[in-house]
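The values are calculated or read from the model by the stated rules, or taken from the named source; none is laboratory data. None of these values were measured; they are calculated from a predicted model. Cβ atoms come from the backbone with ideal geometry, glycine included; neighbour counts cover every protein chain shown.
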Amino acid sequence: MFQNFNSLTDLRTLTILAFSALVTGCNQSPAPAPGTPTTSAPAQSTPSTPSVDGTKYLLAKAPEASKDVIAAREAAKDGDEIVIEGRIGGDVNPWVDGRAAFTIVDRTLIPCNERPGDSCTSPWDYCCDTDRLPKSKAVVKFVDEQGKTLSTDARQLLGLKELQTVVIQGKAKRDDAGNLTVLASGLYVKPLAEIKESEKKSDAPDKVESTEAPK
């Protein structure tokens, strides 16, 4: 009799265990078979290339009627369309890291590496002209349609480096202190040969036509 009771109890126990396993199995996903791709979302990858194509901002030739930085600071009003020319620099780090923004300096200022005997390691900071710098600098920003500065470093976006001479077209933005920011739409990098040629023309004496009557 006891033997039959034990057998009956064991049978009930096995039935309960089997039912519990069935319920548990419904709430768990089965392990994927070897080689089966998972359905979980992959981690977001980091872009290895600029998110903006900078070539559309590079101009094939220099815009006409450009003003040097000092002249532009004196003449430009807030919202004016302007063309400004200068050299990249004005600080040890003239760039806004991770943004398409930098500072330019009036070309009448002389960087340290163009001064005889000066061995400055960062000549683009114009440390020999610190008294003139505040009124000889302008900020350049390349912005999107919403007016936000592009989130790609200008060196990467436009292939720029310190002390390059650039001609920039854009819109002037002034603040209460008189500082000038150019919301740029285009940029032209002057080649060294073109710079030297323009320097020769500016150094050449003007020809004055003689008014003396021929003898």
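Counting the residues of segment 180-197 that are among the acidic types (Asp, Glu) and either touching a strand residue (DSSP E or B) at 6+ places or on another chain (Cβ under 9 Å) or assigned to a strand (DSSP E or B) (or both) gives 1. Residues that are polar (S, T, N, Q), touching a residue at least 40 places away in the same chain (Cβ under 8 Å) and out of contact with any Lys or Arg (no Cβ under 7 Å at 6 or more places or on another chain) within segment 146-163 comprise Thr152, Gln156, listed in sequence order.
Rundown of residues vs (1) in contact with a Leu (Cβ under 7 Å, 6 or more places away or on another chain); (2) modelled with pLDDT under 95, yes/no style:
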| position | (1), (2) |
| --- | --- |
| Thr103 | no, no |
| Leu109 | no, no |
| Arg115 | no, yes |
| Ser119 | no, yes |
| Cys127 | no, yes |
| Val140 | no, no |
| Glu162 | no, no |
| Ile168 | yes, no |
| Asn179 | no, no |
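Taken together, the residues in segment 172-186 that are over 9 Å from Arg73 (Cβ atoms), surrounded by 15 or more Cβ atoms within 10 Å (Cβ to Cβ) and of a type in the set (A, V, I, L, M) amount to 4.
Within segment 108-126, residues that are aliphatic (A, V, I, L, M) sit with their Cβ atoms under 7 Å from residues that are part of a loop (DSSP other than H, G, I, E, B) and surrounded by fewer than 19 Cβ atoms within 10 Å (Cβ to Cβ), at 6+ positions apart or across chains, in these pairs: Leu109/Arg132. Within segment 87-101, residues that are under 16 Å from Thr149 (Cβ atoms) have Cβ atoms under 7 Å from residues that are among the aromatic types (Phe, Trp, Tyr) in these pairs: Pro94/Phe102; Pro94/Trp124; Trp95/Phe102; Val96/Phe102; Ala100/Phe142, counting only partners at least 6 apart in sequence or on another chain. Scanning segment 120-179 for residues that are more than 13 Å from Trp95 (Cβ to Cβ) and part of a helix (DSSP H, G or I) turns up Pro123, Cys127, Cys128, Asp129, Leu133, Pro134, Lys135. Only residues that are assigned to a loop (DSSP other than H, G, I, E, B) and at pLDDT 95 or above were counted in segment 40-59, giving 1.
Among residues of segment 80-93 being closer than 24 Å to Lys61 by Cα and assigned to a loop (DSSP other than H, G, I, E, B), the one that is nearest to the chain's Cα centre (by Cα) is Gly89.
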